[in-house]
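Below: the structure, in structure tokens.
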């Protein structure tokens, strides 16, 4: 391979890295929007919408995994991949990496807050169900204690 073709391969590699970083940023931006929408679905107790949204998040996560796989060979020699970028492209790559970090941090914070809300809601439902079971047990105990024996009513109790 001649030096010129090697240089072209490096520039091509640099362009690929930049393209992958742009894709990655786009997928994370979409995930961030879904994380924000997820909050409103949780707040409104919209289980059906939440399940659909989680399916959309899974698709985006699968896309991010694919981008990660495509990025693997470039990460193995990251200094060379960065060296293949022009100064402007390197600046954009740095900016994309910073932006992805910020978006990812925000998604994580939103998901942690949502998990706390759902956990609290789950505990309340469990407590409510426990109360319902206690009420049923009390009603059953009362009903069996108040039931007449042998199907007959004691008229003496009624007379007093």
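Yes/no per residue for (1) in contact with a helix residue (DSSP H, G or I) (Cβ under 6 Å, 6 or more places away or on another chain); (2) modelled with pLDDT under 95; (3) surrounded by 10 or more Cβ atoms within 10 Å (Cβ to Cβ); (4) more than 17 Å from residue 38 (Cα to Cα):
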| residue | (1), (2), (3), (4) |
| --- | --- |
| 108 | no, no, yes, no |
| 114 | yes, yes, yes, no |
| 136 | no, yes, yes, yes |
| 141 | no, yes, yes, yes |
| 158 | no, yes, no, yes |
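Is it the case that residue 88 is surrounded by 12 or more Cβ atoms within 10 Å (Cβ to Cβ) and more than 15 Å from residue 31 (Cβ to Cβ)? So residue 88 fails the test. Taking the criterion of being surrounded by 16 or more Cβ atoms within 10 Å (Cβ to Cβ) and over 17 Å from residue 104 (Cα atoms), the residues of segment 61-75 that qualify are 71, 74.
When residues in segment 93-106 are screened for being surrounded by 15 or more Cβ atoms within 10 Å (Cβ to Cβ), at pLDDT 95 or above and under 15 Å from residue 20 (Cβ atoms), 3 of them pass.
Taken across segment 123-130, residues that are farther than 19 Å from residue 33 by Cβ and touching a residue at least 24 places away in the same chain (Cβ under 8 Å) do not occur at all.
Scanning segment 41-52 for residues that are surrounded by 12 or more Cβ atoms within 10 Å (Cβ to Cβ) and over 13 Å from the mean Cα position of the chain (by Cα) yields 46, 49. Restricting attention to segment 12-31 and to residues that are within 13 Å of residue 74 (Cβ to Cβ) and exposed (fewer than 15 other Cβ atoms within 10 Å of the Cβ), the residue that is modelled with the highest pLDDT turns out to be 19. Kindly provide the set of residues from segment 49-67 that are within 18 Å of residue 101 (Cα to Cα) and free of Cβ contacts under 8 Å to residues at least 12 places away in the same chain, ordered by number. Passing the criteria: only 65.
The values are calculated or read from the model by the stated rules, or taken from the named source; none is laboratory data. Nothing here was measured: the structure is a model prediction, and the numbers come from that model. Heads up, the Cβs are rebuilt from the backbone with ideal geometry, glycines too, and the neighbour counts pull from every protein chain shown.
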